[in-house]
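The values are calculated or read from the model by the stated rules, or taken from the named source; none is laboratory data. Predicted model only: the values in this text are computed from it and were never measured. Here the Cβ is made from the backbone with ideal geometry for all residues, glycine too, and neighbour counts use every protein chain on show.
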Amino acid sequence: MTLNTTTHKNILLKILKDIYTDTSLGPVLGFKDGTAAYLFYGLDRFSVDLDFDLLDQAKEQKVLNKIENIVKEYGAIKEKKK
């Protein structure tokens with residue numbers, strides 16, 4: 001199955017919006033790596049995932065639960081790493 005990059009990009013943007021409009025998530029997550037470079041700096045390579053640094057380790061489980069709930073609104077989670 002071929003990735004529809006336009007649809008995928010739109011979903012990634014919606015997920016980012018949901019994360020960063022949540023006042024308990026935005027302040028504790030640092031958006032980084034390929035998708036961040038693609039969106040903010042025009043990197044000439046489409047990245048298929050979202051990468052974050054957790055800035056407050058004490059909130060890890062709460063953040064994971066909230067992100068999982070956000071992502072489930074857009075599709076199934078096939079693989080997750082801690």
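Would you check which residues across region 49-82 are in a loop (DSSP other than H, G, I, E, B), of a type in the set (D, E, K, R) and surrounded by 10 or more Cβ atoms within 10 Å (Cβ to Cβ) and list them? Of everything in region 49-82, those that are in a loop (DSSP other than H, G, I, E, B), of a type in the set (D, E, K, R) and surrounded by 10 or more Cβ atoms within 10 Å (Cβ to Cβ) turn out to be Asp56, Glu73.
Flag not set for Thr2, criterion: loosely packed, with under 11 Cβ neighbours inside 10 Å, assigned to a helix (DSSP H, G or I) and of a type in the set (Ser, Thr, Tyr).
Name the residue, out of Phe31, Phe52, Phe46, that is at pLDDT 90 or above and within 21 Å of Thr7 (Cβ to Cβ). Steps first, answer last, please.
On the way: Phe52 fails: within 21 Å of Thr7 (Cβ to Cβ); Phe46 fails: at pLDDT 90 or above.
Exactly one of Phe31, Phe52, Phe46 is at pLDDT 90 or above and within 21 Å of Thr7 (Cβ to Cβ), namely Phe31.
Give the residue that is surrounded by the fewest Cβ atoms within 10 Å (Cβ to Cβ), with candidates limited to residues of region 18-27 that are in contact (Cβ under 8 Å) with a residue 24 or more places away in the chain, part of a helix (DSSP H, G or I) and under 13 Å from the mean Cα position of the chain (by Cα). Among them, the one singled out is Asp18.
Checked against (1) in a helix (DSSP H, G or I); (2) in contact with a Ser or Thr (Cβ under 6 Å, 6 or more places away or on another chain), Phe46 meets all criteria but (1).
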